[in-house]
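Each reported figure results from applying straightforward, stated rules to the coordinates on display, with no laboratory input. In this text, all values refer to a predicted model and were calculated from it rather than measured experimentally. Here the Cβ positions follow ideal geometry from the backbone for every residue, glycine too, while neighbour counts run over all protein chains shown.
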Amino acid sequence: MTRQKISVVLAVLNEEQNLDRGLNSVKNLADEIIVADQYSTDDTVEIAKSYGAKVYEFHYETNFHITKQKAIDKATGEWILQLDADEVVTPDLAKEIKSVLTDRHAEFISESVPKRVRGDKERLFRRHEGLIRQREGALGSHTGEVVAFFIPRLNYFLGKPLIHAGVYPDGVIRLFKKGKARLPGKSVHELMEVDGEVGWLFHDLEHHDSPTLRRYLERMNRYTDLHAQDLKDRRVPKNAYFLILYTLYKPALTFVSLYVRHRGFMDGIRGFLWSTFSSLHYPISYFKYWSLNSKRK
């Protein structure tokens, strides 16, 4: 049974601390590796080339999804696996992806969640997909062909997996047929646009995005900058109502939801920190937006 060709694509910027681990996890899976580099100043490019990657240089984009799409456009494989530099494909996930790449890949998913997934994992997958549909509306299109897959991500926070606080399964569309999915490049948290059915894989993709608190705060600073710009683009009012909404109501609701409803307390101090910083995203973004408007004046 023949296996279809797969391209692993990444967009990177100064990722020498992560890239070796990530590329090592796909060296026996990828038929080609595409790296879109935003002019890194460390050893990122050298590490990528040591794995035989095709490296393309692009100017820096505030929204990294624009560069990710450029990497996707360079791929020649029949299937594409899009990764971040701090993500690791486990051996079980690699084996599952290889099975998908055979001519019988359509047998894996006949509905949004595979029948072989049972118990808590099935419940979590269905809940996550339901939230996405509620937020985004349509998810893919009804063509009768599975052309893309959600992959559940296991997020590591301060060195250990974060299981609760609404984090898992953090499903992301990462495996898809070439030409059947794309990133619009409008938002850092946007969903891929898919021309066809979307299914789920079972095994986790490890995400080592916040090994230290400093690293987490750096990412938080970048995301709140983007959120502030989005508030500006949407012309969110500056008044007492929105001040209370973004500095009191949304933070309190987020903390209670993550720490209590989604049992963040079961992850100990890491669950508390995650829930707290997630709630602070709103007031920080709103105050940054306020600052943007003040500077414009």
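Suppose R0 equals 35 Å. What FRET efficiency, 1/(1 + (r/R0)^6) with r the Cβ-Cβ distance, do Arg219 and Ser141 give to the nearest 0.05?
E(calc), rounded to 0.05, equals 0.60.
May I ask you to list the lysines whose Cα is less than 22 Å away from that of Lys27, ignoring any residue fewer than eight positions away on the same chain?
Candidates past the 8-residue exclusion: Lys5, Lys49, Lys54, Lys68, Lys70, Lys74, Lys95, Lys98, Lys177, Lys178.
What is the distance, in nm, between label points placed 7 Å from the Cα along the Cα-to-Cβ direction at Asp92 and at Ser291?
It works out to 4.3 nm between the two label points.
So which trypsin sites (Lys or Arg not before Pro) in the stretch 223-257 end up in coil per DSSP with only 14 or fewer other C-beta atoms within 10 Å?
Loop-located and lightly packed - Arg234, Arg235, Lys238.
Pull out a ≥ b ≥ c, the square roots of the eigenvalues of the alpha-carbon gyration tensor of the stretch 212-296, then state rounded if a/c is under 1.5, prolate if not and a/b is larger than b/c, and oblate in the remaining case.
Here the stretch 212-296 falls in the oblate category.
Between (i) 1.16; (ii) 1.03; (iii) 0.94, which matches Cα Rg over 2.2 N^0.38 Å calculated for the structure shown?
Comparing each candidate, only (ii) matches the computed number.
Taking each full run of DSSP H in the chain as one helix, which ones are at least 27 Å long along their axis (Cα atoms) and have mean Kyte-Doolittle hydropathy of at least -1.0?
268-296
Once you list every other residue whose beta carbon is under 12 Å from the beta carbon of Gly166, what net charge do they have if Lys and Arg are +1 and Asp and Glu are -1?
With Lys, Arg at +1 and Asp, Glu at -1, the net is +1.
Which of Ile66, Ile33, Ile163 has the fewest other C-beta atoms within 10 Å, and how do the rest follow up to the most?
Fewest to most other Cβ atoms nearby, the residues stand as Ile163, Ile66, Ile33.
Under the rule of -39500 (n - 2.57) per DSSP H run of 4 or more residues, summed and divided by the residues of the chain, what mean residue ellipticity at 222 nm is obtained, to the nearest 500 deg cm²/dmol?
For the chain, the value works out to -12000 deg cm²/dmol.
Going by how many other Cβ atoms sit within 10 Å of their own, how do His207, His142 line up, fewest first?
His142, His207
Output the relative contact order of the stretch 6-209, whole-number percent, from Cα pairs under 8 angstrom with separation of 6+ residues.
It comes to 24 percent, rounded to a whole number.
Most exposed first by the Cβ proxy, i.e. fewest other Cβ within 10 Å, how do Met192, Met266, Met220 rank?
Met266, Met220, Met192
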